[in-house]
Amino acid sequence: MTTAASPNTPAAGPGQMESQAPNDQFEDTKIRIQGLSVGYSDGTESLQDISLDIPANQITVLFGPSGGGKSTLLRTINRLNDLADVVSLEGRVLIDGVDVLDPKLDVIELRRRVGMVFARPVVLPMSIRQNLTYGLELSGEKDPGQFEEAVERSLKASALWEEVYDRLDDPAVSLSGGQQQRLCLARVLALEPDVILLDEPTSGLDPISTGKVESSLQKLKQEYTIVLVPHSVQQAARVADYAAFFLNGQLVEFGMGKELFVHPQDSRTEDYIEGRFG
Amino acid sequence: MDKTLKLGTSSTAKRRVQRLGYGLMTLAALVTVLPIVLIVVHIYSQGLPAISWEFLTAFPSDGMRAGGILPALVGTIWLTIGTAIVSVPLGIGAAVYLAEYAADNRWTRAIRIAIINLAGIPSVVYGLFGLGLFVLFLQFGTSIIAGSLTLAIMTLPVIISTTEEALRAVPNSFRVVSISLGGTQWQTIRRIVLPQALPGMLTGVILGLERAAGETAPILFTVAAFFLPRLPSSIFDSTMALPYHLFVISTQVPGMPVKIQYGTAVVLLSFVLGMNIIATIIRSRARARRQW
Amino acid sequence: MRPIGWSEVIITALIKVAGYSAIIFVTLIFTFLLREGAPTLFEVPLEALAQTRWYPIEDYYGILPLIGGSLIVTFGAALFAVPLGIATAVYIAEIAPRWAREILKPLVEILGGLPSVMLGFIGILIIVPFVREALDIPTGLTAFTGALILGGMAIPTIVSVSEDALDAVPKTYRDASLAMGATPWQTIWRVTLPAARSGVLTGVMLGVGRAIGETMTVMMVTGNAPVLPTGLRSLFSPVRTMTATIAAEMGEVANGSVHYHVLFFIGIVLFLISLIVNLTAASVVFKQRKRSERILS
């Protein structure tokens, strides 16, 4: 594995990274995670006492070896973990100051505001258009004008409009893998969320499709807060405004993407970036 | 003799055993299947000549030794519809519960054991139960409603297990995506899971109803009438039914013309086979069209 | 706009009720059998029930001949159905070329769907005379005739459950056996079939369980003589099963009479037999699932 870090990286980080992110690190913190621990029923503790501030209108990358807890964190933010066998859950996840782990919270509304794109493109077994309007229909929207507007807007934002505008009623499975994944992104955008979570969205895609998704994300961050689990360190380095390195359920290091990949503070981060494990 | 030759001979012996074994298995399969084909061909060849418009639309006459089978045919259709009205929503509901809602705990295991037991209870015991609960205790009398309810409960396990299988075949990623887009669990089930599972569910429902349509023992004491000179006019009337009619004319009526017996058998067999064929077609077409 | 509303709550509740309906029905069935059958124990002494004479008109309620009749017919059916069913399953799962499988599977399914009254009808017209002439016995309405047809009715269950079990045997087992120089035939006997044995056993139990409960066919072809079978010879004379007794006599008894209660009592016996057979089969299935879950996790 090659490394994205520059060759003049210092040999070792000087000191232990303060795992508690400093308060009010950002002018505009979108998601504040405080002391979050998540454990599954099979006994593995997937996240241990994570604290992290995720800034608005930036791409924040969560990276590290698999099993480190990145997906768990994503799925906790939009409460998709409710479907899993979570036995212990501590800490808080605040979005715009509201604790989304509050049992009384309206999770449906939360998931509409926090969209998610998965590793494998999962298009629903219906037409391209219906895939895009599905979320709106669930929310009770009935106005065909709204649907039209959402379809065009979301397809343009995910750079898919030119390729499919003349066959919106074709089954979505007829699209190529890369197109399907951009459709999945568009499907999330159709709901006009605040936050977009992406869990290795390009892991199954060819380099060209990957490039299209990444450049869409760069445009989208002007309007959305983006949290991405990349499928490689290279991708992490390419797209990260901010980056967080996860290892065995712990947050090892968090910082500006440009800094972290060039001068990692923690030796474990450095080892990982340089491809010595993981 | 060198070693290679020895190896050669022993493997010929092995091959002979293998050929014999395979032959026996093939024979067994033929012995199992051939009678089915013969029975079906025999019934059609003997019974088809008896089938006419009049046979299907006339009442039996001359102590059932002449005329048609209209009331039995109509009765079986009513009973099948009645069974479907009760068992389809209930069975699909139970399957949705098991596949989509139920946690893997003691209660769920109890439900599964109950379903396995329902499937194994002898049909005549269902008849007793229907007599005890619906005919006598609830005072429905021997009636279409009592018979349909009895048949419906008997059909339930088939519908539940095939429907659950169809629901579980729908990829879980669809559910996760729908939930992540702000769908509630029921919205996800109604808009994604049920439509995708529909062909499998239909197949199961039809196979379940096929069994109900052909059953005799559960309707003996709950609905079936030996002979009625009119069609049922309400769900509280008793009715004739094809399977029971075939039983009656093949054991209870002396001097019964064989032609009418075979004709009745053909109609019953066509009813059952027709449902079977429809189920098979739905299944294979859905497989060809499936997008996942 | 709010999707989680009353409708979702109501629908979820309805689905849950439907989910539990199976338990409700099993309980209801047992309750009503008890309600109508339990009075037997106060009206007929147990010794009288354990007699060999069934002649209700004169108040003889010995149910031993009926139990014996059910057992001998079922035993005879198992004699045909078990080897044939397993062999057919092996053929379909392991040996048959694809085209043969495509033909055999739906045919076996059709056999499973044939109404029992139709098989009884064929039995009366064809098999009964055939048995009488072939074996040169006074009547073809015998336990043997019933067993022959019941065996056929048990086969589809045995085949489909066994075939599933054979299909579930991992391909690696077979490959390992073949790689060690075993012939395909040896592999079937020594590896595949033993590996699938609990599934095959479940199929056999469910199939035979179905045979015990079968009603119309046995009523039509076994002659219905309530005589206690005394040996294999009884296979070739008329018998009467528990199911046939209920079916034949329930229509003629007065509700609430002793005879009526005894018929329900026989129903309880049948219910308990099927309960035991199915609980045993279910426990095999559950144990197996647990084992595979352990291996997988």
Got a sec? Which of B:Ile121, B:Ile85, B:Ile113, B:Ile69 is out of contact with any His (no Cβ under 6 Å at 6 or more places or on another chain) and within 28 Å of B:Pro195 (Cβ to Cβ)? B:Ile85
Might you check whether a residue that is buried (at least 22 other Cβ atoms within 10 Å of the Cβ) and at pLDDT 90 or above occurs anywhere in the range C:222-231? yes
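Going by what's in this entry, would C:Thr192 be described as under 20 Å from the mean Cα position of the chain (by Cα), in contact (Cβ under 8 Å) with a residue 60 or more places away in the chain and buried (at least 17 other Cβ atoms within 10 Å of the Cβ)? Steps first, please.
Values: under 20 Å from the mean Cα position of the chain (by Cα): no; in contact (Cβ under 8 Å) with a residue 60 or more places away in the chain: yes; buried (at least 17 other Cβ atoms within 10 Å of the Cβ): yes.
No; evaluated as a whole, the condition is false for this residue.
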Which one of A:Gly255, A:Gly178 is assigned to a strand (DSSP E or B) and either away from chain B (no Cβ under 14 Å) or closer than 17 Å to A:Lys70 by Cα (or both)? A:Gly255
Can you work out which of the residues in the range B:1-31 that are among the basic types (Lys, Arg) and surrounded by 10 or more Cβ atoms within 10 Å (Cβ to Cβ) is modelled with the lowest pLDDT? B:Lys6
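Scanning the range A:134-169 for residues that are of a type in the set (Asp, Glu) and assigned to a helix (DSSP H, G or I), which turns out surrounded by the fewest Cβ atoms within 10 Å (Cβ to Cβ)?
The extreme case among them is A:Glu162.
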If you scan the range C:19-50, which residues turn out to be surrounded by fewer than 21 Cβ atoms within 10 Å (Cβ to Cβ) and within 11 Å of chain B (Cβ to nearest Cβ)? C:Tyr20, C:Ile23, C:Ile24, C:Thr27, C:Leu28, C:Phe30, C:Thr31, C:Leu34, C:Arg35
Among the residues that make up the range C:54-62, is at least one of them among the aromatic types (Phe, Trp, Tyr), surrounded by 15 or more Cβ atoms within 10 Å (Cβ to Cβ) and more than 9 Å from chain B (Cβ to nearest Cβ)? yes
Tally of residues being farther than 29 Å from A:Pro207 by Cα, in contact with a helix residue (DSSP H, G or I) (Cβ under 7 Å, 6 or more places away or on another chain) and within 14 Å of chain B (Cβ to nearest Cβ) across the range A:136-175: 3
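Out of C:Ile126, C:Ile92, I need the residue that is in a helix (DSSP H, G or I), free of Cβ contacts under 8 Å to residues at least 60 places away in the same chain and facing another protein chain (nearest Cβ under 8 Å). Which one? If you could, list the steps in order and put the result at the bottom.
Working: C:Ile92 fails: free of Cβ contacts under 8 Å to residues at least 60 places away in the same chain.
Step by step, each of C:Ile126, C:Ile92 is checked, and only C:Ile126 is in a helix (DSSP H, G or I), free of Cβ contacts under 8 Å to residues at least 60 places away in the same chain and facing another protein chain (nearest Cβ under 8 Å).
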Can you name the condition, by its number, that B:Thr203 falls short on among (1) within 12 Å of chain C (Cβ to nearest Cβ); (2) crowded, with 24+ Cβ neighbours inside 10 Å; (3) within 26 Å of B:Ser284 (Cα to Cα); (4) at pLDDT below 95? (2)
Condition set modelled with pLDDT of 90 or more and of a type in the set (Ser, Thr, Tyr), scope the range B:33-68, selection surrounded by the most Cβ atoms within 10 Å (Cβ to Cβ): answer is B:Tyr44
Of the residues in the range A:104-133, those that are assigned to a helix (DSSP H, G or I) and under 21 Å from the mean Cα position of the chain (by Cα) come to A:Val107, A:Ile108, A:Glu109, A:Leu110, A:Arg111, A:Arg112, A:Arg113, A:Asn131, A:Leu132
Scan the range C:55-86 residue by residue and report those that are modelled with pLDDT of 90 or more, among the β-branched types (Val, Ile, Thr) and either at positive phi or in a helix (DSSP H, G or I) (or both). C:Ile67, C:Ile72, C:Val73, C:Thr74, C:Val82, C:Ile86
Only one of these conditions is not met by B:Ile144: (1) touching a strand residue (DSSP E or B) at 6+ places or on another chain (Cβ under 7 Å); (2) free of Cβ contacts under 8 Å to residues at least 60 places away in the same chain. Which number is it? (2)
Any chance you could count how many residues in the range B:110-135 are more than 7 Å from chain C (Cβ to nearest Cβ) and not hydrophobic (A, V, I, L, M, F, W, C)? 4
Scanning the range B:136-153 residue by residue, the ones that are among the hydroxyl-bearing types (Ser, Thr, Tyr), within 11 Å of another protein chain (Cβ to nearest Cβ) and surrounded by fewer than 24 Cβ atoms within 10 Å (Cβ to Cβ) total 1
Residue under evaluation C:Ala154, criteria (1) small (Gly, Ala, Ser); (2) within 13 Å of chain B (Cβ to nearest Cβ); (3) over 27 Å from C:Leu272 (Cβ atoms), criterion not met: (3)
B:Leu156 fails exactly one of the following numbered conditions: (1) more than 10 Å from chain C (Cβ to nearest Cβ); (2) assigned to a helix (DSSP H, G or I); (3) touching a residue at least 24 places away in the same chain (Cβ under 8 Å); (4) not polar (S, T, N, Q). What is the number of that condition? (1)
Positions within the range B:168-188 being within 12 Å of chain C (Cβ to nearest Cβ) and either out of contact with any Lys or Arg (no Cβ under 8 Å at 6 or more places or on another chain) or surrounded by fewer than 22 Cβ atoms within 10 Å (Cβ to Cβ) (or both), in sequence order: B:Thr184, B:Gln185, B:Trp186, B:Gln187, B:Thr188
Which residues, counting only those in the range B:190-200, are touching a Gly at 6+ places or on another chain (Cβ under 9 Å) and more than 7 Å from chain A (Cβ to nearest Cβ)? B:Arg191
B:Thr222 vs. criteria of a type in the set (S, T, N, Q) and more than 30 Å from A:Leu124 (Cα to Cα): yes
In the range C:162-188, anything surrounded by fewer than 24 Cβ atoms within 10 Å (Cβ to Cβ) and under 27 Å from C:Val277 (Cβ atoms) is listed as C:Asp164, C:Ala165, C:Leu166, C:Asp167, C:Ala168, C:Val169
Let me confirm something: among C:Gly120, C:Gly151, C:Gly203, which residue is more than 30 Å from B:Thr251 (Cα to Cα), in contact (Cβ under 8 Å) with a residue 60 or more places away in the chain, surrounded by 22 or more Cβ atoms within 10 Å (Cβ to Cβ) and not charged (D, E, K, R)? C:Gly203
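Would you kindly identify the helices (runs of 4 or more DSSP H) lying entirely within the range B:173-292 that contain at least 3 residues that are closer than 30 Å to A:Arg113 by Cβ and free of Cβ contacts under 8 Å to residues at least 24 places away in the same chain? Quick ask: steps written out before the conclusion?
Details: elements: B:185-188, B:194-214, B:217-220, B:242-251, B:258-289.
Result: B:185-188.
The values are calculated or read from the model by the stated rules, or taken from the named source; none is laboratory data. Fair warning: this is a prediction, and the values are worked out from it, not measured in the lab. Every residue, glycine as well, gets a Cβ built from its backbone with ideal geometry; the counts of neighbours run over all protein chains shown.
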